[in-house]
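The values are calculated or read from the model by the stated rules, or taken from the named source; none is laboratory data. All values derive from a computational prediction rather than experimental measurement. We place every Cβ from the backbone using ideal geometry, glycine too, and count neighbours over all the protein chains shown. SASA here: full protein model, heavy atoms, side chains in, ligands and nucleic acids out. Shrake-Rupley method; radii C 1.70, N 1.55, O 1.52, S 1.80 Å.
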Amino acid sequence: MNLDDKARMARIGLDILDFAVMLTVILLLLFGGYSLFDNWNTAHQGFSPSLMQYKPDDEGSLSFNQLMSVNPDVIGWITIDQTHIDQPMVQGSNDFEYLNRNAKKEFSLSGAIFLSCENSPDFSDHYNLTYGHHMDNGGMYGDLIHFLDQDYFDDHTTGLLTTKDGKYNLELFAVLDTDSGNQAVYSPVQYQQDASQLIQYLKDNATHFRDVDPSSSVLAMSTCYGAVSNGRVIVFATMEKE
């Protein structure tokens, strides 16, 4: 091999090395970009700016009606004052349908706030059980765990549930640290006509409790909590129709 051949081979080697370095840099940039996007996406899971345009307002519910036309499973909108809980509510044919779907039936890791399939969709039951994921950023029902703190519980007492048939003022009165096997709270059919026994159970067992009329209808908001896979926190509110 003469000197020209050796020089040509050296240039080819350098070109290959340059290409490999460039490819590595591009891959690192792509990976870095994906990581930033993934972190951003994870941090924003549970917040739905695109859905906020459908939130009912005092001037009418045209936007809310539009959301219901997009997905007939939409049955309400829940807002808990001074928290991140401000979401449409749905009801599926079972209690798994909306674990990974949002209120427009699109795939979403944060799912949707949903009413138990054992409840009436018009909230006519005396006990209405709802579910939402616990997002670390406070999205969906992530803020519920803060109610275990006495001061937070004392400072956050009101909310509003809007349905196609009217509005319910919500008065938060109890928070319970429990597990998913607790049939005293996870079997809504037993309290369809009367929730007084449930209210008494909460008075005896809740982490924090405020006295309410035992004849009240009750809305429960349940989310996962703690290192144990079946740990749950449930916040309870009375429902008074406007």
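Only residues that are among the aromatic types (Phe, Trp, Tyr), open to solvent by 10 Å² or more (accessible area, probe 1.4 Å) and either more than 16 Å from residue 95 (Cβ to Cβ) or more than 19 Å from the chain's Cα centre (by Cα) (or both) were counted in region 126-155, giving 1.
Taking first residues from region 223-242 that are farther than 20 Å from residue 202 by Cα and open to solvent by 60 Å² or more (accessible area, probe 1.4 Å) and partners that are part of a strand (DSSP E or B) and of a type outside the set (S, T, N, Q), the Cβ contacts under 6 Å between residues at least 6 apart in sequence or on separate chains come to 241/166; 241/168; 242/167. For region 168-191, the criterion of being on the phi > 0 side of the Ramachandran plot, not in a helix (DSSP H, G or I) and not aliphatic (A, V, I, L, M) is satisfied by no residue at all. Within region 223-232, the set of residues being in a strand (DSSP E or B) and hydrophobic (A, V, I, L, M, F, W, C) comprises 224 only. Considering the conditions (1) open to solvent by less than 30 Å² (accessible area, probe 1.4 Å); (2) modelled with pLDDT under 75, residue 42 is excluded by exactly one of them, (1). Just wondering, is there one or more residues in region 147-156 that are over 20 Å from residue 195 (Cα atoms), touching a Leu at 6+ places or on another chain (Cβ under 7 Å) and either part of a strand (DSSP E or B) or of a type outside the set (Asp, Glu) (or both)? Yes, because at least one residue in region 147-156 is over 20 Å from residue 195 (Cα atoms), touching a Leu at 6+ places or on another chain (Cβ under 7 Å) and either part of a strand (DSSP E or B) or of a type outside the set (Asp, Glu) (or both).
Identify all residues within region 100-125 that are crowded, with 17+ Cβ neighbours inside 10 Å, among the hydrophobic types (A, V, I, L, M, F, W, C), under 14 Å from the mean Cα position of the chain (by Cα) and in a loop (DSSP other than H, G, I, E, B); write none if there are none. Hits for region 100-125 are 103, 112.
Being of a type outside the set (S, T, N, Q), open to solvent by less than 40 Å² (accessible area, probe 1.4 Å), under 28 Å from residue 139 (Cβ atoms) and not in a helix (DSSP H, G or I) is the filter here, so list the residues in region 192-222 that pass it. Result: 206, 208, 218, 219, 220, 221. Would a scan of region 177-189 turn up a residue that is surrounded by 14 or more Cβ atoms within 10 Å (Cβ to Cβ), over 22 Å from the mean Cα position of the chain (by Cα) and farther than 22 Å from residue 133 by Cβ? Within region 177-189, one or more residues are surrounded by 14 or more Cβ atoms within 10 Å (Cβ to Cβ), over 22 Å from the mean Cα position of the chain (by Cα) and farther than 22 Å from residue 133 by Cβ.
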